[in-house]
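A.B. asks: So that we are looking at the same thing, I have put the structure below in structure tokens.
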Amino acid sequence: MSDYILEMRDITKEFPGVKALDQVNLKVNHGEIHALVGENGAGKSTLMKVLSGIYPYGEYTGDIVYNGQVCSFKDIKDSENQGIAIIHQELALSPYLSIAENIFLGNEQQSHGIINWNVTSKKAQELMDKVGINLDRNLLIKDIGVGHQQLVEIAKALAKNCKLLILDEPTAALNDEDSDKLLNLLIDLNKKQGLTCIIISHKLNEITKISDQITVIRDGSTIETMTKGKDEITEDRIIKGMVGRDLLERYPKRDAEIGDINFEVRDWVVYDPLDEERQRIKGVNFNVKKGEILGISGLMGAGRTELAMSIFGKSYGKNISGEIFKDGRKIECRDVVEAISHGIAYLTEDRKGAGLILSDDIRKNISLSDLWKISKRGIVNTDLELEHAKNFREKLRIKSSSIFQATGNLSGGNQQKVVLAKWLFSEPDILILDEPTRGIDVGAKYEIYAIINELAEQGKSIIVISSELPEILGICDRVYVMNEGQMVGEMDRSQATQESIMSCIIQSTGKY
Ligand SMILES: Nc1ncnc2c1ncn2[C@@H]1O[C@H](COP(=O)(O)OP(=O)(O)OP(=O)(O)O)[C@@H](O)[C@H]1O
Ligand SMILES: [Mg+2]
């Protein structure tokens, strides 16, 4: 038998107007962790969808050789039967089913057409123990964190007796701790069971840590495969392969000229919409200055998104109280429209669920934030709309066939760029960005930081919520630390370090 569990040969896949893959080659050894990296829109997810039968035989050209056999998968079931499982970029669990039900979804433990719940529970528990989920198996998916949801996906794949596991950006939405847990689990399954993994990620530090081989693809073509122990693997080399040039700095230079306070929130209190007894935001005060990039750092669940959304037209929470001042004047933001009219914008962390209308094209999604700007007497000037959309597509380098491509068909990172374009279009004075570079490749991250800088230079105020500490430290002028619904620290760029932020969090835990 050959060393390879998988060989993908000369895979070409076209969509109307786009050649997503152009004779891509990928060779994966038995029992290795193989990383697939590349810029947003390079074709990583598409390649994995070809492999797992989502784009069936006939919709692509080239050969898939799996365990020495040429395969022509008709659909995803077909590849699953051969032991290939895929965990998608956006999770595909059912929120209102339990952990156990989700693990066996589509693979029900049944006899004579009736689900055997005893077997389901028992096997689910075994799998949960294996992947390290210490929760009640009857909990609903919607009530557990994303870190655990990823583990449920892995348990689900293992339930199908998978030999080759594909993970498309599994840690994009996870904090460092959950990411580590997941990666350690992969290493463990790899060592103990010989599970072969293909992992896609933009977090290059993770990739270099766990992979045996790394394949770089750019614009739908294979650039190179690096092997641990044989090649010198560095982040710089991977980046060069991805973007085709050296990226000397991760963060653009910043020459900040910061003005007076132009946005301030006082005594902000927000209750949980489902549990009116529970305070989610407990009297928060903060301000941001003209031309300033302000970071809000904290662990997942600290209340940062809840704070931002409750300010942005009360789009989260109940019984909200407190005051908002803009340019020294008190303002009301009773709904999102009113917030936008005051020049506030909030870029959601959930691009698919709340950021985009997936069935609509790029053009319409961008103009949505301020239709008045391109309308006369209530009628949208479509020429103007097109012009704006084209400009943004160019400026943010949104990779797509045209501005008429449905956003649902864009690659994850390019979807994120459209959401950003949408809010830039409304020309806000106060721009709140919630995890703005989630799923964005290193090169495009730099471009987004440069845009943020540019906005700040124009005198706008930017608030960046990010779980990536290096990002906060790399771009912000001042940092607030949030924990358990409270601001627990504030520091200047010069004082802020990973250690000082973490120690603020640790010292405040359990105090409120
Ligand atoms: N269903 C589709 N219809 C049309 N074009 C598509 C479709 N799916 C993907 N594409 C295009 O194919 C190209 C590759 O997309 P793909 O999702 O594979 O990128 P990716 O490498 O996974 O990027 P990311 O890192 O942003 O997730 C992109 O230009 C994308 O717009
Ligand atoms: Mg992708």
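A.B. asks: Can you find, within the range 208-220, the residue that is farthest from the chain's Cα centre (by Cα) among those that are outside any strand (DSSP E or B) and more than 13 Å from ligand 1 (Cβ to nearest atom)?
C.D. replies: Step one: list which residues in the range 208-220 are outside any strand (DSSP E or B), which gives 208-212, 219-220.
Restricting the remaining residues to those that are more than 13 Å from ligand 1 (Cβ to nearest atom) gives 208-212.
On the way: Thr208: 20, Lys209: 20, Ile210: 20, Ser211: 21, Asp212: 24 Å.
Out of the qualifying residues, it is Asp212.
A.B. asks: Follow-up. Taking Met48 as the residue in question, decide whether it is outside any loop (DSSP other than H, G, I, E, B) and within 24 Å of the chain's Cα centre (by Cα). Step through it out loud before you land on a result.
C.D. replies: On the way: outside any loop (DSSP other than H, G, I, E, B): yes; within 24 Å of the chain's Cα centre (by Cα): yes.
So Met48 passes the test.
A.B. asks: Search the range 42-64 for residues that are under 16 Å from Asn409 (Cα atoms) and more than 8 Å from ligand 1 (Cβ to nearest atom) and pair each with any residue that is of a type in the set (Asp, Glu) and not in a strand (DSSP E or B) when their beta-carbon atoms are under 6 Å apart and the residues are at least 6 apart or on different chains.
C.D. replies: none
A.B. asks: Report yes if Ala389 is touching a Lys or Arg at 6+ places or on another chain (Cβ under 9 Å), among the small types (Gly, Ala, Ser) and either farther than 30 Å from Gly220 by Cβ or loosely packed, with under 15 Cβ neighbours inside 10 Å (or both), otherwise no. Quick ask: steps written out before the conclusion?
C.D. replies: Working: touching a Lys or Arg at 6+ places or on another chain (Cβ under 9 Å): yes; among the small types (Gly, Ala, Ser): yes; either farther than 30 Å from Gly220 by Cβ or loosely packed, with under 15 Cβ neighbours inside 10 Å (or both): no.
Spelling it out, it is not the case that Ala389 is touching a Lys or Arg at 6+ places or on another chain (Cβ under 9 Å), among the small types (Gly, Ala, Ser) and either farther than 30 Å from Gly220 by Cβ or loosely packed, with under 15 Cβ neighbours inside 10 Å (or both).
A.B. asks: Inspect the range 300-310 for any residue being of a type in the set (Lys, Arg), in contact with a Lys or Arg (Cβ under 8 Å, 6 or more places away or on another chain) and buried (at least 16 other Cβ atoms within 10 Å of the Cβ) and give the result as yes or no. Steps first, answer last, please.
C.D. replies: Restricting attention to the range 300-310, the residues satisfying the condition of being of a type in the set (Lys, Arg) are 304.
If we keep only those that are in contact with a Lys or Arg (Cβ under 8 Å, 6 or more places away or on another chain) as well, we get none.
For the range 300-310, residues of a type in the set (Lys, Arg), in contact with a Lys or Arg (Cβ under 8 Å, 6 or more places away or on another chain) and buried (at least 16 other Cβ atoms within 10 Å of the Cβ): absent.
A.B. asks: Any residue that is within 13 Å of ligand 2 (Cβ to nearest atom), more than 24 Å from Thr227 (Cα to Cα) and aliphatic (A, V, I, L, M) - is there at least one of those in the range 37-48?
C.D. replies: no
A.B. asks: Going through the range 74-114 one residue at a time, which ones are within 27 Å of the chain's Cα centre (by Cα) and among the polar types (S, T, N, Q)?
C.D. replies: Matches in the range 74-114: Ser79, Gln89, Ser94, Ser98, Asn102.
A.B. asks: Now for a separate question. I'd like the residue in the range 190-203 that is more than 13 Å from ligand 1 (Cβ to nearest atom) and more than 14 Å from Lys130 (Cβ to Cβ) and, out of all such residues, is farthest from the chain's Cα centre (by Cα). If you could, list the steps in order and put the result at the bottom.
C.D. replies: From the range 190-203, those more than 13 Å from ligand 1 (Cβ to nearest atom) are 190-197; that's our starting set.
Applying the additional criterion that residues be more than 14 Å from Lys130 (Cβ to Cβ) yields 194, 196-197.
Details: Gly194: 29, Thr196: 24, Cys197: 20 Å.
Out of the qualifying residues, it is Gly194.
A.B. asks: Select from the range 343-367 the residues that are free of Cβ contacts under 8 Å to residues at least 40 places away in the same chain and surrounded by 15 or more Cβ atoms within 10 Å (Cβ to Cβ) and list them in ascending order.
C.D. replies: Our first condition is that a residue be free of Cβ contacts under 8 Å to residues at least 40 places away in the same chain; within the range 343-367, this holds for 350, 353-354, 364.
Within the range 343-367, Asp350, Lys364 meet the criteria.
A.B. asks: On to the next question. Check Ile54 against each of (1) of a type outside the set (Gly, Ala, Ser); (2) assigned to a loop (DSSP other than H, G, I, E, B); (3) out of contact with any helix residue (DSSP H, G or I) (no Cβ under 6 Å at 6 or more places or on another chain); (4) at pLDDT 95 or above and name the one condition it does not meet.
C.D. replies: All conditions pass for Ile54, except number (3).
Per-residue answers, yes or no, for (1) modelled with pLDDT under 95; (2) within 16 Å of ligand 2 (Cβ to nearest atom); (3) of a type in the set (Gly, Ala, Ser):
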{"site": "Ala124", "(1), (2), (3)": "no, no, yes"}
{"site": "Asp129", "(1), (2), (3)": "yes, no, no"}
{"site": "Asn134", "(1), (2), (3)": "yes, no, no"}
{"site": "Ile144", "(1), (2), (3)": "yes, no, no"}
{"site": "Leu151", "(1), (2), (3)": "yes, no, no"}
{"site": "Ile154", "(1), (2), (3)": "yes, no, no"}
{"site": "Ala157", "(1), (2), (3)": "yes, no, yes"}
{"site": "Pro170", "(1), (2), (3)": "yes, yes, no"}
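A.B. asks: Within the range 431-480, take every residue that is small (Gly, Ala, Ser) and within 15 Å of ligand 1 (Cβ to nearest atom) and give me the one that is farthest from the chain's Cα centre (by Cα).
C.D. replies: Keep residues of the range 431-480 that are small (Gly, Ala, Ser), which gives 439, 443-444, 450, 456, 459, 461, 466-467, 474.
From what's left, within 15 Å of ligand 1 (Cβ to nearest atom): 439, 443-444.
On the way: Gly439: 4, Gly443: 16, Ala444: 14 Å.
Filtering first and then ranking leaves Gly443.
A.B. asks: Residue pairs, Cβ under 6 Å, 6 or more apart or interchain, first in the range 439-452 and outside the structural domain of Glu394 (by TED's automatic domain parsing) and of a type in the set (A, V, I, L, M), second within 14 Å of ligand 1 (Cβ to nearest atom) and in a loop (DSSP other than H, G, I, E, B). List them.
C.D. replies: Ala444/Asn40; Ile448/Thr437
A.B. asks: Of Lys13, Lys19, which residue is in the same structural domain as Pro170 (by TED's automatic domain parsing) and either out of contact with any strand residue (DSSP E or B) (no Cβ under 6 Å at 6 or more places or on another chain) or away from ligand 2 (no atom under 16 Å from the Cβ) (or both)?
C.D. replies: Numbers: Lys13 fails: either out of contact with any strand residue (DSSP E or B) (no Cβ under 6 Å at 6 or more places or on another chain) or away from ligand 2 (no atom under 16 Å from the Cβ) (or both).
Every option except Lys19 fails the conditions.
A.B. asks: While we're here: Determine whether Ile296 is within 16 Å of Ile452 (Cα to Cα) and either touching a Lys or Arg at 6+ places or on another chain (Cβ under 6 Å) or not in a loop (DSSP other than H, G, I, E, B) (or both). Outline the logic, then answer.
C.D. replies: Values: within 16 Å of Ile452 (Cα to Cα): yes; either touching a Lys or Arg at 6+ places or on another chain (Cβ under 6 Å) or not in a loop (DSSP other than H, G, I, E, B) (or both): yes.
So Ile296 fits the description; yes.
A.B. asks: Tell me which residues, restricted to the range 9-24, are assigned to a strand (DSSP E or B) and of a type outside the set (Lys, Arg). Spell out how you get there, then give the answer.
C.D. replies: Pass one, the range 9-24, residues assigned to a strand (DSSP E or B): 9-15, 18-24.
Passing the criteria: Asp10, Ile11, Thr12, Glu14, Phe15, Val18, Ala20, Leu21, Asp22, Gln23, Val24.
A.B. asks: Could you list, in sequence order, the residues of the range 428-458 that are in contact with a His (Cβ under 9 Å, 6 or more places away or on another chain), closer than 27 Å to Gly259 by Cβ and among the hydrophobic types (A, V, I, L, M, F, W, C)?
C.D. replies: Ile430
A.B. asks: Pick from Gln69, Gln89: which is away from ligand 2 (no atom under 16 Å from the Cβ), at pLDDT below 95 and polar (S, T, N, Q)?
C.D. replies: On the way: Gln89 fails: away from ligand 2 (no atom under 16 Å from the Cβ).
None of the other options fit; the residue is Gln69.
A.B. asks: A follow-up question, please. From the residues in the range 30-41 that are assigned to a loop (DSSP other than H, G, I, E, B) and more than 9 Å from ligand 1 (Cβ to nearest atom), which one is surrounded by the most Cβ atoms within 10 Å (Cβ to Cβ)?
C.D. replies: Looking only at the range 30-41, we keep the residues that are assigned to a loop (DSSP other than H, G, I, E, B), and these are 30-32, 38-41.
Next, from what is left, pick out any that are more than 9 Å from ligand 1 (Cβ to nearest atom): 30-32.
Values: His30: 15, Gly31: 16, Glu32: 20.
The qualifying residue surrounded by the most Cβ atoms within 10 Å (Cβ to Cβ) is Glu32.
A.B. asks: Pick from Gln89, Gln110: which is assigned by TED's automatic domain parsing to the domain that holds Glu169 and surrounded by 14 or more Cβ atoms within 10 Å (Cβ to Cβ)? Please lay out each step first, then the result.
C.D. replies: Details: Gln110 fails: surrounded by 14 or more Cβ atoms within 10 Å (Cβ to Cβ).
Of the residues listed, the single one that is assigned by TED's automatic domain parsing to the domain that holds Glu169 and surrounded by 14 or more Cβ atoms within 10 Å (Cβ to Cβ) is Gln89.
A.B. asks: List every residue pair whose Cβ atoms lie under 6 Å apart, where the two residues are 6 or more positions apart in sequence or sit on different chains, the first residue falls within the range 223-247 and is over 25 Å from Asp22 (Cα atoms) and not assigned by TED's automatic domain parsing to the domain that holds Val442, and the second residue, located anywhere, is in a loop (DSSP other than H, G, I, E, B) and of a type outside the set (Val, Ile, Thr).
C.D. replies: Lys228/Asp212
A.B. asks: Look at Asn25 and say whether it is surrounded by fewer than 15 Cβ atoms within 10 Å (Cβ to Cβ) and polar (S, T, N, Q).
C.D. replies: It is false that Asn25 is surrounded by fewer than 15 Cβ atoms within 10 Å (Cβ to Cβ) and polar (S, T, N, Q).
Every residue, every condition in (1) modelled with pLDDT of 90 or more; (2) part of a helix (DSSP H, G or I); (3) under 30 Å from Lys209 (Cα atoms), yes or no:
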residue	(1), (2), (3)
Glu232	yes, no, yes
Ile239	yes, yes, yes
Leu248	no, no, yes
Tyr251	yes, no, yes
Ile258	yes, no, no
Phe263	yes, no, no
Val269	yes, no, no
Leu274	no, no, no
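The values are calculated or read from the model by the stated rules, or taken from the named source; none is laboratory data. Just so you know, these numbers come straight off a predicted model, no measurement behind them. All Cβ positions, glycine included, derive from the backbone under ideal geometry; neighbour counts span all protein chains shown.
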